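The values are calculated or read from the model by the stated rules, or taken from the named source; none is laboratory data. Keep in mind the model is a prediction, meaning the values are calculated, not measured. Cβ sites come from the backbone with ideal geometry, for glycine too, and all protein chains shown count toward neighbours. Each accessible area value is taken on the protein alone, full model and side chains, heavy atoms only, with ligands, DNA and RNA left out. Shrake-Rupley method; radii C 1.70, N 1.55, O 1.52, S 1.80 Å.
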Amino acid sequence: DQQVKQNSPSLSVQEGRISILNCDYTNSMFDYFLWYKKYPAEGPTFLISISSIKDKNEDGRFTVFLNKSAKHLSLHIVPSQPGDSAVYFCAARGGSARQLTFGSGTQLTVLP
Amino acid sequence: GAGVSQSPSNKVTEKGKDVELRCDPISGHTALYWYRQSLGQGLEFLIYFQGNSAPDKSGLPSDRFSAERTGGSVSTLTIQRTQQEDSAVYLCASTQQGGTEAFFGQGTRLTVV
């Protein structure tokens, strides 16, 4: 039972364009959502987060949108850069569980 | 230390042997997590420690897996009688008191041959 789903295993975009990574969840008790970036042979690094009481959080080129009614969140990267090429994981936390539940990841490739 | 430290970075072991994986969390972080990532898969939760509370072991895949956290700091994940399906990258993360962002180590790549 996947509570956090990333349905696109891969995404390719041109440098300078917008990258949109999507994530869906099923557990309405989730109260906090995070995005992590992972390069090969490294651990995931925190990118940006959003509380369930908000619908948008922005940090530089990165913006996360949360649609609670649709149980959907997305990460926008604009403009995309080749160094953004990595696997992006969305994660959620909530209810009595303090651990993060991760999606399966999306491999983003930004083409120069 | 400055970040979460895991050792060893790579471990190759024979099927049936026991292995121990170590995690040094960020100093002062009260919560510690173990996850694993099998080839082509997402991050699978294994176990969670928070302060002096009983750990959440709900993610451990079998009774061959166990973990302890001594003195509220260093943690050891032990896998007994390793099987080939245990091959994965084992990731440790820690979180400060009241925090939500988990900081990950570089992981231990375990290969069972």
Please give the residues from region B:76-102 for which the solvent-accessible area of heavy atoms, probe 1.4 Å, is smaller by at least 10 Å² with all protein chains in place than with the chain isolated. B:Leu91, B:Thr100, B:Glu101, B:Ala102
Highest mean first, what order results for B:4-14, A:71-81 on Cβ atoms within 10 Å? A:71-81, B:4-14
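Which percent, nearest 5, of DSSP beta bridges in region B:1-89 are antiparallel? Walk me through the numbers before you get to the answer.
Details: 22 of 22 bridges.
Given both bridge residues lie in region B:1-89, the antiparallel proportion sits at roughly 100 percent.
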Accessible solvent surface per residue of chain B, calculated while the other protein chains remain in place, 1.4 angstrom probe, Å²: 49
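Can you say what percent of the DSSP beta bridges in chain A, counting only those with both residues inside, are antiparallel? Round to 5.
Details: 38 of 43 bridges.
Antiparallel bridges: around 90 percent, rounded to the nearest 5.
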A versus B: buried accessible surface, summed, Å² (probe 1.4 Å, to nearest 100): 1400
Quantify how strongly other chains surround peptide A:40-48 by giving the mean number of their Cβ atoms within 10 Å of each of its Cβ atoms. 5
On the accessible surface of chain A, probed at 1.4 Å with all protein chains in place, carbon and sulfur together account for a percent value of 49
With every protein chain in place, region B:42-113: carbon and sulfur % of accessible area (1.4 Å): 43
Semi-axes of chain B's equivalent ellipsoid from the Cα gyration tensor, sqrt of 5 times each eigenvalue, largest first, rounded to whole Å? 23, 14, 13
Across peptide A:78-91, how many C-beta atoms of other chains are within 10 Å of each residue C-beta, on average? 1
So, with points 7 Å from each Cα along the Cβ direction, the A:Ser8-A:Ser69 label distance in nm works out to 2.3
If you count only protein heavy atoms with a 1.4 Å probe, what accessible area per residue comes out for chain A, rounded to a whole Å²? 48
